[in-house]
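Please treat every number below as a calculation from the coordinates, not as lab data. Worth saying up front: this structure is predicted, and the values here are computed from it rather than measured. As a convention, Cβ positions derive from the backbone with ideal geometry for all residues, glycine included, and neighbour counts pool all protein chains shown.
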Amino acid sequence: VDDLDLLEHADEGEEGIRTLPALPVIAIVGRPNVGKSALVNRILGRREAVVEDTPGVTRDRVSYKGEWLDRRFTLVDTGGWEPDARGIDASVAAQAEVAIELCDVVLFVVDATVGATATDEHVVRLLRKTRKPVFLVANKVDDARQEPEAAALWNLGLGEPYPVSALHGRGVADLLDEVFRVLPLVSAVAKEEFGGPRRVAILGRPNVGKSSLLNKAAREERVVVNDLAGTTRDPVDEQIELGGRVWRFVDTAGIRRRVHLQQGADFYASLRTQAALEKAEVAVVLLDVSQPISEQDVRIIDLVLESGRALVLAYNKWDLLDDDRRRYLEREIEQDLHHVAWAPRVNISAKTGRHLEKLVPALEAALESWDTRIPTGKFNAFLTELVQAHPHPLRGGKQPRILFGTQAATRPPTFVLFTTGFLDAGYRRFIQRRLREIYGFVGSPIVLNMRVRE
Ligand code: GDP
């Protein structure tokens, strides 16, 4: 973290996750050619917008760090897409919708010399619904003669238009003064997690070997004392070096402190599981191969899925496995854990230490999937190909169409599809399967949301 200001505000939350308040986010929304890039450059004080996001997203949402009179912020540019077969309205509106959700303040840019187009109207409808501050930016007002054209945009119902010339700088300072009047100091929507070690929850029903695994890992490897300056040691977590890298095992106190409850043990176990998941990024669910896979095992796995965390399955007590049991085990896995066949599997023995080293690549793969972002262009190419090969079945003579899609978030990868009708559950599962076939997503849940357009 290169940012001392933010570090000062670093916060150890109730769950012991240190988050940095993220910079406030300004989104720039508008159809192509209204001058969004010029405005971005003007606001950033650069000649040419430098892409600082991960490569491959230049045609997607691009975010920049900016500074204006000592106030720092993140600027998200939603521009760069061009009309495609699905139509410009759908893609601009869809992108705008996602951007609005992810920002604190919206700058909606309209070309004053053209006036509001039908595409603009699409976005206006979305903007009227949001409670976030929206600034209507009337661009290309290069001199006072165009001011009346800007004023005409009052009729969009978005309040006062701000006449600017992104190219020449005219009016931009006045606009930004107003923007910073309402922009919060830290984002209300974005949150940055403190770098630090990645956080792992060890889960499983009683006696599957959680504390044995922890002990083995902690004994064979170095338990790292958390002595980072300015951080308080969280006694309920342990930092353990595995595979040359430090991991933070969360809520290990909950594992070591064995609470034997007669009644409601299940209930408390599930609460503990949920609490650990809150803090974790990835869960290792232990299964005892000497026992049949139980409902409780499945319930714990389902809690991981609900939490949206990455998942690794560790089949423990492998030393107890004989050929007979092994055959049953594989059948049980096929039957009961089919829905998480995408999770990396490691066969370990916490007792003998067998294959414990295989946990690390499994964790790394799962976290990498969890962090994956597919650029919008690629994702839409994927959707087009998928729909061409396998169109959605007709329903009552109608066929819901997918207009546009975008990945709205990572951790876990979350996709939004804009459609003309409700997609069948089967078809949504098919999309998920195809996503996994093409992109892997080993060890990560995938969330697929839909927005149905009338
Ligand atoms: P926890 O409740 O999940 O923390 O389970 P524990 O770590 O306390 O283990 C429960 C029991 O299983 C203990 O008697 C352990 O010695 C035993 N155990 C744990 N892992 C293994 C393993 O890999 N092989 C065998 N044979 N026993 C194990």
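Values computed for the structure shown
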| item | result |
| --- | --- |
| Sum of side-chain charges, Phe382 neighbourhood, beta-carbon under 11 Å (Lys, Arg +1; Asp, Glu -1) | 0 |
| Cα gyration tensor shape for segment 314-431, rounded if a/c is under 1.5, else prolate or oblate | oblate |
| Against the rule of thumb 2.2 N^0.38 Å, how large the Cα Rg of segment 384-451 comes out | 1.11 |
| R0 of 56 Å, Cβ-Cβ distance Ile438-Leu167: FRET efficiency to nearest 0.05 | 0.85 |
| Cα gyration tensor, segment 316-380 - rounded (a/c under 1.5), prolate or oblate | oblate |
| Long-range HN-HN contacts of Arg354 with modeled amide H, under 5 Å | Ser349 |
| Under 18 Å from Lys36, Cα to Cα: lysines that are on another chain or at least 8 residues apart | Lys65, Lys140 |
| Shape of segment 267-383, Cα gyration tensor, a/c cut at 1.5 | prolate |
| log10 of Debye I(q)/I(0), alpha-carbon scatterers only, for segment 87-139 at 0.30 Å⁻¹ | -1.32 |
| Sorted by Cβ neighbour density within 10 Å, fewest at the top, the residues His338, His168, His392 | His338, His168, His392 |
| Placed amide H near Leu403: partners under 5 Å, 5+ positions off or other chain | Phe418, Thr419, Thr420 |
| Around Arg181: net Lys/Arg minus Asp/Glu count, Cβ-Cβ under 14 Å | -4 |
| Reach of Lys279 by Cα under 26 Å, taken over lysines that are not fewer than 8 positions away in the same chain | Lys191, Lys210, Lys216, Lys358 |
| Protection proxy ranking of 177-183, 443-449, 116-122 - average other beta-carbon atoms within 10 Å, highest first | 443-449, 116-122, 177-183 |
| Radius 11 Å from Cβ of Leu435, net charge of other residues (Lys, Arg +1; Asp, Glu -1) | +4 |
